[in-house]
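Visitor: Okay, here's the structure, questions in a sec.
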Amino acid sequence: MSIRRGGFQTRPVLFKMRIAAFYDLLTGLPNRRLLLDRLGHALADSTRSQGHGALLFMDLDNFKELNDNHGHDHGDLLLTQVAQRVVSCVRESDTVARMGGDEFVVLLKNLGGNRQEAAIKAEKVGRKILSMLNRPYSLGEFEHHCSASIGVTLFDGRKSSVEVLLKQADLAMYQAKVVGRNTLCFFNVNMLADSEARSALEESLREGLRRDQFILYYQPQVDCEGILTGAEALVRWQHPLHGLMPPGEFISLAEKTGLNLPLGNWVLETVCRQLADWSAQEATEELTLAMNVSARQFDSADFVERVAQVLGQTGANPARLRFELTEGMLLGNVEESIAKMAALRANRNG
């Protein structure tokens, strides 16, 4: 062992620093930094040779549920086993990297000069990985089943960059999630157009929230005798260019981007103000008002406190407020869901 003059840094320490800089400490795989370097070299090589390569972007399906239900130690154990299985599916000349979280990337080089044959080879590797990952995992005291979604893009060095290829593979992976998970999709230009449209709609959605472009319609609810008992609040987006948009055109995007939380809070405040207005009129003071609650909104730690705060600020009668919840929302964490419902009932009765 030698000590560098003028400091305490040893060669083993330098080696560990290099490992930490270029490799993922959990799985031992190359990290994002090393992958980008190798991908850059692969692009240069394919330009000179006019050969093809492929990039496979892989994301585990429902990985968050494992962490939430069994803890991060079990999640880490799964990631190490996944890494080993993916490495077993590729050649020594290929690269398997962990991008972070449950995302992995496979770089396949030297797939030949024919694009169609290269695609066949890349798909064969992807299908092999999917099959390998579908086998059960032993995570200590229990057996776990896992699948993945894979996006694939080909490259030959022409009109490509590292950033573009990663984006293409990521978009293809997203499409694999959309079509049902546990599958593989190749990138095509339509995915890029769809992605740009989603990005534009997301920014427009944020602007709509800032500018109060959303409105509520109240659908009457009647009893078996046809007597009006209340209403259900239905959100609509008064878009400045596209006109009145139903929830089917923006709610899914709001859920994926987290914007359904501020939107849900706006709906809650608006509904409570409407209830307060109705309570001041004899003809409507007995009416109830229902609203849909998203899973993200219900699962937020301050949901009960938020409801109590809005009720207090608006003066709405909590006994007249109804929440529409899906059964699936309540099954995620039954005990927590029961506790929240009990707290809401206590606010209503109090």
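Visitor: Can you give the helix-only mean residue ellipticity at 222 nm for the chain, where every DSSP H stretch with n ≥ 4 adds -39500 (n - 2.57) and the sum goes over all residues, rounded to the nearest 500 deg cm²/dmol?
Guide: On the way: 13 runs with 177 residues, N = 350.
Taken over the chain, the calculation gives -16000 deg cm²/dmol.
Visitor: Which Cα, out of Tyr218, Leu35, Pro247, lies furthest along the positive dipole direction of the chain (beta carbon charges, K/R +1, D/E -1)?
Guide: Looking along the dipole axis, the top candidate is Leu35.
Visitor: Using each residue's phi in the stretch 222-234, evaluate 6.51 cos²θ - 1.76 cosθ + 1.60 at θ = phi - 60° and report the 3J(HN,Hα) Karplus result to the nearest Hz, with x for Gly and Pro.
Guide: Here the 3J(HN,Hα) series is 10, 8, 5, 9, x, 8, 5, 10, x, 8, 10, 7, 10 Hz.
Visitor: Would you please give the FRET efficiency between Leu34 and Gln116, computed as 1/(1 + (r/R0)^6) with r the Cβ-Cβ distance and R0 = 30 Å, to the nearest 0.05? Display every interim value, and only then the final one.
Guide: On the way: r = 30 Å, r/R0 = 1.01.
After rounding to 0.05, the efficiency reads 0.50.
Visitor: Suppose a student asked you for the relative contact order of the chain, using Cα pairs under 8 Å spaced at least 6 residues apart; what percent would you report? Walk me through the intermediate numbers first.
Guide: Working: 501 pairs, mean separation 41.4, N = 350.
12 percent.
Visitor: Please report, in debye to the nearest 20, how large the charge dipole of the stretch 11-187 is about its Cα centre when each Lys and Arg carries +1 at its beta carbon and each Asp and Glu carries -1 there.
Guide: Numbers: 23 positive and 20 negative charges, 160 e Å.
Its charge dipole is roughly 760 debye.
Visitor: Step by step: find N for the chain, compute 2.2 N^0.38 Å, then divide the Cα radius of gyration by it. What's the final number? Let's see the in-between values first.
Guide: Values: Rg = 26.6 Å, N = 350, 2.2 N^0.38 = 20.4 Å.
Normalised Cα radius of gyration, the chain: 1.31.
Visitor: Once you wrap a convex hull around the alpha carbon atoms of the stretch 72-180, what is its projected area averaged over all directions, in nm²?
Guide: Working: hull surface 30.2 nm².
Result: a mean projected hull area of 7.5 nm².
Visitor: Of the peptides 260-267, 213-220, 184-191, 115-122, how do they stack up when ordered by the mean number of other Cβ atoms within 10 Å, highest first? Spell out each step's value before the answer.
Guide: Values: 260-267: 18.8, 213-220: 14.0, 184-191: 17.2, 115-122: 15.6.
By packing density, highest mean first, the sequence is 260-267, 184-191, 115-122, 213-220.
Visitor: If you don't mind, another one. Output the antiparallel fraction of DSSP beta bridges having both residues in the chain, as a percent to the nearest 5. Can you show the working numbers first?
Guide: Details: 36 of 46 bridges.
If we restrict to bridges inside the chain, about 80 percent are antiparallel.
Visitor: State to the nearest 20 debye the size of the charge dipole of the chain about its Cα centre, where the only charges are +1 on K and R beta carbons and -1 on D and E beta carbons. Walk me through the numbers before you get to the answer.
Guide: On the way: 39 positive and 43 negative charges, 468 e Å.
For the chain, the charge dipole is close to 2240 debye.
Visitor: Right, another one. On a full-extension model of 0.36 nm per residue, what is the gain between Arg296 and Leu325, subtracting their alpha-carbon distance, rounded to one decimal in nm?
Guide: On the way: separation 29, 0.36 × 29 = 10.44 nm, distance 1.16 nm.
Between Arg296 and Leu325, full extension yields 9.3 nm more.
Visitor: Just to be sure I understand the model, the point goes 7 Å from the Cα along the line to the Cβ. What's the resulting Ser199 to Leu25 distance in nm?
Guide: 3.3 nm
Visitor: What is the distance in Å between the Cα centres of the stretch 142-216 and the stretch 107-141?
Guide: So the two Cα centres are separated by 20 Å.
Visitor: Among the aspartates and glutamates, which have Cα under 18 Å from the Cα of Lys128 when same-chain residues fewer than 8 positions away are ignored?
Guide: Asp59, Asp61, Glu92, Asp94, Glu103, Glu117
Visitor: Another question about this same structure. Give the separation of the Cα centroids, the stretch 233-311 to the stretch 54-75, in Å.
Guide: Spelled out, the Cα-based centre of one part sits 32 Å from the other.
Visitor: Based on the Kirkwood radius over alpha-carbon pairs, what value in µm²/s does the Stokes-Einstein equation return for the translational diffusion coefficient of the stretch 159-250 at 20 °C and 1.002 mPa s? Display every interim value, and only then the final one.
Guide: Numbers: Rh = 16.6 Å.
It diffuses with D of about 129 µm²/s by this estimate.
Visitor: Classify the stretch 227-299 from the C-alpha gyration tensor, please: rounded if a/c falls under 1.5, else prolate or oblate depending on whether a/b exceeds b/c. Don't skip to the end; give the middle numbers.
Guide: Numbers: a/c = 2.50, a/b = 1.74, b/c = 1.44.
Here the stretch 227-299 falls in the prolate category.
Visitor: Whose amide H sits under 5 Å from the amide H of Tyr23, counting only residues 5 or more places off or on another chain, with H placed in the peptide plane?
Guide: Those lying under 5 Å, H to H, from Tyr23 are Asn31.
Visitor: Next up: What do you get for Rg/Rh of the stretch 199-349 when both radii come from the Cα atoms and Rh is the Kirkwood radius? Don't jump to the answer; show the numbers that get you there.
Guide: Working: Rg = 16.0 Å, Rh = 16.4 Å.
Taking Rg over the Kirkwood Rh, I get 0.97.
Visitor: Follow-up question, since we're still on this one. Give, in nm to one decimal, the length gained when the segment between Ser88 and Arg135 is fully stretched (0.36 nm per residue of separation minus the Cα-Cα distance).
Guide: Values: separation 47, 0.36 × 47 = 16.92 nm, distance 1.36 nm.
Result for the pair: 15.6 nm of gain on full extension.
Visitor: P(r) for the stretch 35-101, please, calculated from all Cα pair distances in 5 Å bins and given in %.
Guide: Over the stretch 35-101, the share of Cα pairs per 5 Å bin runs 3, 13, 21, 20, 14, 11, 8, 5, 3, 1 percent.
Visitor: Now, a different point. Please give, to one decimal in nm, the separation of the simple spin-label points placed at Arg306 and Asn265, each 7 Å out from Cα toward the Cβ.
Guide: The modelled label-to-label distance comes out at 0.6 nm.
Visitor: Under the rule of at least 5 residues apart or a separate chain, name every residue whose amide H is placed under 5 Å from the amide H of Ala231.
Guide: Gln221, Thr288, Leu289, Ala290
Visitor: Put +1 on the Cβ of every Lys and Arg and -1 on every Asp and Glu Cβ in the chain; which of Asn62, Val179, Gln50 then has its Cα farthest towards the positive end of the dipole?
Guide: Of Asn62, Val179, Gln50, it is Gln50.
Visitor: Any chance you could run the full-extension gain for Arg48 through Ile215? It's 0.36 nm times the residue separation minus the Cα-Cα distance, nm to one decimal. Walk me through the numbers before you get to the answer.
Guide: On the way: separation 167, 0.36 × 167 = 60.12 nm, distance 5.80 nm.
Using 0.36 nm per residue and subtracting the Cα-Cα distance, I get 54.3 nm.
Visitor: Next up: Quick query: amide H of Ser147 versus all other amide H atoms, modeled in the peptide plane; which residues come in under 5 Å with a sequence gap of 5 or more or a different chain?
Guide: Sorted by chain and number, the residues that satisfy this are Asp61.
Bear in mind that the values in this text are calculations on the coordinates, not laboratory data. This is a predicted model, so every value here is computed, not measured. Neighbour counts run over all protein chains shown; Cβ positions are idealised from the backbone, glycine included.
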